[in-house]
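Here is the structure we will look at, set down as structure tokens.
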Amino acid sequence: MIVEAGHETSAAASLDALGSALRRLAEGATLDDVLRALVEAVAASTRTEVVVLRALDESEISFRARAVAASSTAVAAELEGSRLPAAKPAADAVGALAEQLGLAGSLAVPILVGDRTIGRLELFAKARSLGPEDEAIARLAADHAAFVLAGLGNGGGAYPLTPRELLRLGGDALATGLDEHRTAEQIALLAAHGTGAASTAVWRVDGARPQLVGAYGAAEPAPDGVAEAVVGRRSLTIGADSWVLQLGQPPFAALQLRFSQSPVPSDEVLDALTTFAARAAHALQSSARASRQSVELDRSRALVAVVGQAIAQLSLSHTLDTAVARVAELLDVDRLAVYLLDDEERLLEAAGRGLAGPHTRVAERLLELARGPLRGHDAMLIDEAAGDLRLAGVRDQLAEAGIEAAVAIPLRAHDELIGLLAVYPPRGRVLSADALSLVTALAAQLAVAVQNARLHEQVKRREAERREALESEQHASRTLRSLYEISQTFARSLSLETTLEAIVRTLAELLRLDAVGVRMPDERGEALITQKLHVRDDRLARAVEAILLRPQPLSPRLRRLFADGRALLLDPRTARQLGGSYGLLVPFLEKGSTTAIVPISTPAEVLGTLTLLSLDPGRPLGKGDIELALSVVGQAALALENARLYQQHQRFSETMQRSLLPRANPSIEGLEVGAVYESSARLDIGGDVYDFLTLEGGRLAVVLGDVAGHGIDAAADMAMAKFVFRSLAREHPEPEDFLAAANEVVLGEVGPTKFITMLYLTVDAAAGNVACGSAGHPWPRLVGPDGSVRALRARGLALGVESQQAYEAAREELPVGAAVVLYTDGVLEARRGPELYGEERLDELLGSKAHLPAEALARAVVEDCRAFTGGDLTDDCAVVVIRRTG
């Protein structure tokens with residue numbers, strides 16, 4: 001047995017747990033479900049804090065975590081999907097991971113198929129080493145995992161068992177059956193395979209006539225002789241072509257086995273059947289109890305499934321209709337509705353059933369109560385609506401709508417009140433506590449689903465508008481469709497410069513034009529300025545640029561032409577009247593050159609013009625060329641609009657991000673400080689933040705953190721993190737005290753699924769030391785004057801996960817010339833394909849660049865990450881370097 005912290009777990013219980021996991025396989029569970037059940041069984045059997053099951057990935061260069069069981073949700077989230085190199089020895093890789101997690105004991109067991117390692121089972125204990133008993137269970141679980149990975153992972157697989165083994169293992173698997181019907185079906189199936197019976201049936205005999213609860217085989221089940229056999233004294237009754245096995249003492253059920261020719265049972269089979277009968281009886285009794293207990297659980301699951309399905313559909317009407325229908329069914333009510341607030345704060349019925357009359361006015365009053373006297377209540381219960389003084393102002397509406405009682409649950413998404421779920425039962429009908437809890441939980445999920453559906457429908461509307469605009473531009477014939485597809489390539493770019501270059505170059509090549517230019521209005525909207533020009537022949541570049549780079553006055557006539565969205569094929573007379581750069585084209589037009597002006601516009605505005613120039617009289621611009629240009633320009637307009645919006649959004653994001661970062665590095669005698677922040681290629685605001693503060697005595701306090709998530713919410717949490725640092729650092733200057741205090745503040749401020757990883761350091765230049773605390777953040781590096789690099793190891797849970805956390809502090813000397821380097825996980829997780837930048841590459845760079853000034857060293861780290869990814873950073877990177885100079 002395994003002894004841990006005063007608790008004992010028998011080997012039988014461990015086997016039952018692993019058997020339960022394998023039973024999931026027999027029931028048709030998915031690979032991930034079976035693997036998750038296995039690691040949970042191992043964790044429960046060995047009483048270890050973390051169990052990870054890794055499988056060799058397709059590239060066979062790393063082991064990827066396929067299933068994780070952990071006592072901490074933060075640790076589980078960190079390990080889920082993580083990879084460890086396959087080439088690295090298992091003991092080294094698992095030992096390093098244990099050290100990173102702050103766990104004392106670790107064990108790695110290979111998952112083998114023959115001589116080939118296809119995976120690894122890793123166990124981690126918090127305050128003890130793992131012994132032979134733990135290893136025995138782990139190896140048994142690894143064998144199970146090998147069967148699952150090699151069998152279910154490839155579409156099949158089974159154990160070659162004898163009938164006796166099948167009955168014995170089948171009985172073990174049935175010991176924890178939960179569903180009576182499925183348990184009875186399993187009993188029948190295993191009994192048939194174990195005895196060779198042609199058909200089997202399980203009968204309940206609680207009443208006068210046996211009741212069929214499970215069967216296997218082609219023959220139609222018939223209770224012949226079952227009742228008589230059950231009331232007899234023999235546990236096994238053998239007939240001419242059938243056996244009847246009593247289940248339970250006193251028997252409450254029977255297992256009937258029919259044979260083509262009844263065999264004489266051997267002692268071995270009789271012994272196995274006796275054990276099997278006891279296990280089967282226990283399984284039937286357990287499953288019956290579990291079935292009764294699972295009724296409420298099934299209702300809860302049904303509601304979760306409703307919301308999950310609605311979220312998956314991402315249709316607002318589908319979400320609401322489904323929720324209303326299932327709430328009515330599960331709560332057995334006929335009258336209910338979901339009301340939502342519109343943009344003008346009006347409450348409107350979004351979905352409902354069984355209601356008529358002015359019930360919305362009643363709902364408005366209920367919403368007023370939710371905002372006022374009953375603010376903060378999860379649910380409002382009105383047992384008798386007509387006599388409730390709180391509804392005195394809507395009694396006429398109550399009577400007209402026939403509302404006798406009400407249960408109202410406010411719908412809140414991100415603390416914002418967006419509507420109301422109201423159930424109107426008959427007077428005197430009281431919802432049970434379970435039912436009320438159920439509908440309250442549904443309301444919380446429904447609010448999120450509504451918000452998601454609204455956002456999705458907004459995206460769908462915009463996408464529909466975009467598709468409609470694209471379709472309106474598709475006038476080219478089928479022969480030009482391939483060229484049209486080419487024109488879409490530049491529409492995917494979010495760079496204005498790249499988009500303009502793609503437009504002019506693509507059209508010049510497709511139409512074999514001498515020059516193509518894009519003009520856009522200047523800031524005052526008085527002239528068209530050439531933003532990009534492409535000339536195919538370098539020998540013509542100077543002459544063409546002299547004409548097409550000139551500003552073109554945006555005359556009223558041009559405005560009217562472009563407002564219609566039609567292309568203009570210039571002739572000498574029109575060009576002379578329009579003047580400007582168009583007037584300079586007159587001599588060329590008179591000699592047979594052709595020029596077309598195509599407006600670039602969205603349904604809302606004209607963004608600019610496209611100038612197409614063919615100097616060859618033998619290759620004039622025709623109708624087909626202009627149609628193709630219009631088709632390409634339709635895409636170009638959207639690309640330009642997206643690029644322009646992207647630039648605006650990017651400027652806003654960068655401004656927002658940098659406003660939360662220090663404007664200047666601190667100036668402290670004896671210290672040199674450098675910091676570099678680089679955002680990734682995404683639009684959202686990242687969650688990286690750092691700040692400095694000078695403490696009493698001249699010490700420098702530094703904080704660097706990473707807020708979970710992106711966007712405006714992350715920015716708000718960044719601001720909060722900066723405020724926490726500024727407000728707590730002087731009161732709690734030591735790392736362990738600061739992080740403990742900060743954790744309590746963050747717990748009250750961030751959402752339940754969010755957290756902040758943080759480093760907090762104090763550097764004393766005069767004393768020559770550094771103190772560091774970590775809340776789930778990558779360890780900083782101490783870089784010596786000689787280029788040596790080592791980690792400042794300080795452990796602690798991320799902020800905002802659990803209350804009352806204690807944090808460690810690492811204290812080290814900081815000699816003159818040495819530097820401490822802080823960084824966010826965007827550095828370590830910079831990605832090139834499946835490969836991460838990682839700690840080893842970082843340490844190598846820091847050692848080779850140790851001589852650089854602080855700012856230059858921080859810049860070198862970020863640039864090396866960028867070079868590693870091959871271009872854009874995959875995540876925001878923040879690097880802070882503090883070097884002691886004297």
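Looking across segment 219-277, just one residue is in contact with a Phe, Trp or Tyr (Cβ under 8 Å, 6 or more places away or on another chain) and of a type in the set (Asp, Glu), and that is Asp241. Filtered by the rule that a residue be closer than 18 Å to Arg395 by Cα and touching a Pro at 6+ places or on another chain (Cβ under 8 Å), segment 336-379 gives a lone residue, Leu367.
From Val68, Val75, which residue is closer than 29 Å to Lys754 by Cβ, at pLDDT 90 or above and buried (at least 16 other Cβ atoms within 10 Å of the Cβ)?
On the way: Val75 fails: at pLDDT 90 or above.
Among Val68, Val75, only Val68 is closer than 29 Å to Lys754 by Cβ, at pLDDT 90 or above and buried (at least 16 other Cβ atoms within 10 Å of the Cβ).
Within segment 202-234, if we keep just the residues that are closer than 19 Å to Ala272 by Cβ and in contact with a helix residue (DSSP H, G or I) (Cβ under 7 Å, 6 or more places away or on another chain), the residue that is most open to solvent (accessible area, probe 1.4 Å) turns out to be Tyr216.
Total residues in segment 647-676 satisfying the condition of being closer than 19 Å to Arg859 by Cβ, modelled with pLDDT under 70 and touching a Leu at 6+ places or on another chain (Cβ under 8 Å): the figure is 0. Can you pull out the residues in segment 528-548 that are open to solvent by less than 70 Å² (accessible area, probe 1.4 Å) and either more than 26 Å from Ser631 (Cβ to Cβ) or in a strand (DSSP E or B) (or both)? Within segment 528-548, Leu528, Ile529, Thr530, Lys532, Leu533, His534, Val535, Leu540, Ala541, Ala543, Ala546, Ile547 qualify.
Considering only segment 184-199, I want to know if a residue exists there that is open to solvent by 80 Å² or more (accessible area, probe 1.4 Å) and modelled with pLDDT of 85 or more.
Of segment 184-199, the ones open to solvent by 80 Å² or more (accessible area, probe 1.4 Å) are 193.
Then drop every residue that is not modelled with pLDDT of 85 or more, which leaves none.
Checked segment 184-199: no residue is open to solvent by 80 Å² or more (accessible area, probe 1.4 Å) and modelled with pLDDT of 85 or more.
Just one of the listed residues (Glu384, Glu400) is open to solvent by 80 Å² or more (accessible area, probe 1.4 Å), of a type outside the set (Lys, Arg), over 33 Å from the mean Cα position of the chain (by Cα) and under 17 Å from Glu364 (Cβ atoms), namely Glu400. Of the candidates Leu374, Leu336, Leu355, Leu389, the single residue that is hydrophobic (A, V, I, L, M, F, W, C), closer than 14 Å to Pro425 by Cβ and open to solvent by 10 Å² or more (accessible area, probe 1.4 Å) is Leu355.
How many residues are closer than 18 Å to Val745 by Cα, modelled with pLDDT of 85 or more and either surrounded by fewer than 24 Cβ atoms within 10 Å (Cβ to Cβ) or of a type in the set (Val, Ile, Thr) (or both) if we restrict to segment 692-720? Can you show your working first?
Within segment 692-720, the subset closer than 18 Å to Val745 by Cα is 703-708, 713-720.
Filter once more, so that each one left must be modelled with pLDDT of 85 or more: 703-706.
Subset that is either surrounded by fewer than 24 Cβ atoms within 10 Å (Cβ to Cβ) or of a type in the set (Val, Ile, Thr) (or both): 703.
Qualifying residue count for the region: 1.
Which residue, of Pro785, Pro780, is of a type outside the set (A, V, I, L, M), more than 25 Å from Arg64 (Cβ to Cβ) and buried (at least 21 other Cβ atoms within 10 Å of the Cβ)?
Working: Pro785 fails: buried (at least 21 other Cβ atoms within 10 Å of the Cβ).
Every option except Pro780 fails the conditions.
Among the listed residues Leu97, Leu101, Leu112, Leu123, identify the single one that is surrounded by 21 or more Cβ atoms within 10 Å (Cβ to Cβ) and of a type outside the set (Gly, Ala, Ser).
So the residue among Leu97, Leu101, Leu112, Leu123 that is surrounded by 21 or more Cβ atoms within 10 Å (Cβ to Cβ) and of a type outside the set (Gly, Ala, Ser) is Leu123.
Meeting the requirement of 1 or more residues that are over 20 Å from Glu678 (Cα atoms) and touching a Gly at 6+ places or on another chain (Cβ under 7 Å), the helices (runs of 4 or more DSSP H) wholly within segment 770-878 are 838-848.
Rundown of residues vs (1) assigned to a loop (DSSP other than H, G, I, E, B); (2) more than 18 Å from Val327 (Cα to Cα), yes/no style:
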site: Ala392; (1), (2): no, yes
site: Asp396; (1), (2): no, yes
site: Ala399; (1), (2): no, yes
site: Glu404; (1), (2): yes, yes
site: Pro425; (1), (2): yes, no
site: Leu431; (1), (2): yes, no
site: Thr440; (1), (2): no, no
site: Gln451; (1), (2): no, yes
site: Arg454; (1), (2): no, yes
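Criterion first (out of contact with any helix residue (DSSP H, G or I) (no Cβ under 6 Å at 6 or more places or on another chain) and not aromatic (Phe, Trp, Tyr)) does Ala541 satisfy it? So Ala541 passes the test.
The values are calculated or read from the model by the stated rules, or taken from the named source; none is laboratory data. Computed from a prediction, not measured in an experiment: that's the story for all the values here. Note: ideal-geometry Cβ built from the backbone for every residue, glycine included; neighbour counts use all protein chains shown. Keep in mind that these areas ignore ligands, DNA and RNA; they rest on the heavy atoms of the full protein, side chains included. Shrake-Rupley method; radii C 1.70, N 1.55, O 1.52, S 1.80 Å.
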